[in-house]
Amino acid sequence: MQPFICATCGAQFAATAAPPPVCPLCADDRQYIGHEGQRWTTLDELRRDHRNHIAAIALGLSGIATAPAVAIGQQAHLIETAAGNVLWNCISLIDDETAAAVERGGGLAAIAISHPHFFTSMVEWSRVFGGAPIFVHGDDRAWVMRPDAAIQFWTGETVDPLPGSGLTLIRCGGHFPGSCVLHWPEGAGGDGALLTGDTIQVVSDRCWVSFMYSYPNLIPLGPNAIRGIVDAVAPYDFERLYGAWSGHVVASDAKAAVRRSAERYLEKIGR
């Protein structure tokens, strides 16, 4: 019995004797089954020929990414706060070297996940760090493939994932009903930062962002969902916005970038 990992999306499943027949996350129309069919891997396999790299992004913020890339290739973000460190989103690989490096930097007090495509090995990460609580919005409960007591399903529109940290999880919806972003008021030198996964996606022209129901299948969001995302983040100040992949950063005037990007999107779809 072992927890298999979907090779396409990186989600780790509850332990079974044989791989599941299909990954429900990839069978959903927001994702896709790999072109070679459903494939599986395990943590043991990943640990043989993959390594995580931790790199400072800004004061108090580091990225953790795997090479060679696994699944969709995102990086996790480690945020340092006065109350402890918080991991924003997750990656499939966790190994002894990564755990030791994070411990040297103060350990891990909580994990916050934006939506199911970044669940990956969140339970494994939690267990390595003493059962650190994992914050997942209750609207996305059905997509958790490896249940665990550490997962805290929260409800409503906002939650504080770590008292005293100043961080706020904000439900935006859109990509998934429970899709969230994380507001970090001390980010960007105290001007505020928003970490968005791809609930709000940084695009190639990094003065702009976009919003989609499905990125790989190019399925857009409707106007009500777009306006809901903009309204959800409107009460928060943020100069900078960090997406899910290395280099996906709106470096300045990020709040205005979200607003004008939404206006452009709505104009282009005629709404």
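Each residue in VAL102, VAL203, VAL230 was given a count of other beta-carbon atoms within 10 angstrom of its own, and listing them fewest first yields VAL203, VAL230, VAL102. Of all beta bridges DSSP finds with both residues in the chain, what is the antiparallel percent, to the nearest 5? For the chain, the DSSP antiparallel bridge percentage is about 75. Which entry in (1) 129; (2) 120; (3) 169 is this structure's computed volume of the Cα convex hull per residue in Å³? Recomputing volume of the Cα convex hull per residue in Å³ here picks out (2). Cβ crowding within 10 Å, taken as a proxy for footprinting-reagent exposure, orders VAL136, VAL22 from fewest neighbours to most as VAL22, VAL136.
DSSP beta bridges fully contained in the stretch 63-122 are about 70 percent antiparallel. Helices that extend 15 Å or more along their long axis by alpha-carbon positions and average at least 0.0 on the Kyte-Doolittle scale are, among the DSSP H runs of the chain, 223-233.
Which ordering of LYS268, LYS255 is given by a fewest-first count of other beta-carbon atoms within 10 Å? Display every interim value, and only then the final one.
On the way: LYS268 9, LYS255 20.
Fewest-to-most Cβ neighbours within 10 Å comes out as LYS268, LYS255.
None of the figures in this text is laboratory data; all of them are computed from the coordinates on show. Remember, predicted model here, so these are calculated numbers, not experimental data. In this analysis, Cβ positions are derived from the backbone assuming ideal geometry, glycine residues included, and neighbour counts consider all displayed protein chains.
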